[in-house]
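In what follows, a structure is listed as structure tokens, so that the remarks can point back to it.
Please treat every number below as a calculation from the coordinates, not as lab data. Every value quoted in this text rests on a predicted model; they were computed, and no experiment measured them. Please note: Cβ atoms are built from the backbone with ideal geometry, for glycine as well, and neighbour counts cover all protein chains shown.
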Amino acid sequence: MMNLTRRFALGAALGIAVMASACARTGPMDGAGQPLEVLSIVTSTGEHKFMVEIADDDTERARGLMFRPPLEDDRGMLFQFPTASEQSFWMKNTPSSLDILYIDPRGRIVSIASHTTPNSETPIPSNGAANGVLELRAGRADEIGAKPGDTVKHPFFRP
């Protein structure tokens, strides 16, 4: 009788663990097991969806896409800052060229730095107040027709 009770308890515990694990991973994950969020850019050519990693603390923002392989066409990283101000990024230890989109609190693109130079320590300024910065594979902004003034849709931005 004890053996049957133990088996039942073990089976129940295993079932609960599997269900909890499935519930915890409701969306897609990046290579490091972090959740990805949907973001779209609305341009004159339509609405373009991306799955983005979120960098919303100092450690994540400092690491960014350093030492990472090139992004896929539908992937990106959204850096979130608590307040809008002049931002400046660099490409130190980033082996792939990127497009960097600076975004204001309403989700409007302030400026775009296209085809940034890999591994460069030269600052790339936003040329205006931004609290969001989106990094995409180099050339992707041109491919979707993104321009300053276009809208980025994500819950972080408040239109």
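Couple of notes before you dig in:
- Each Cα pair under 8 Å and six or more residues apart adds its sequence gap; the mean of these over the residue count of the stretch 48-111 is a relative contact order of 33 percent.
- Annotation note: GluC sites (Glu not before Pro) in the stretch 53-159 located in DSSP loop regions with a Cβ neighbour count of at most 15 within 10 Å are E72, E121.
- Three-way shape call for the stretch 36-153 based on the alpha-carbon gyration tensor, with the a/c threshold at 1.5: rounded
- Gain upon complete extension [W90, T117; 0.36 nm per residue less C-alpha separation]: 8.8 nm
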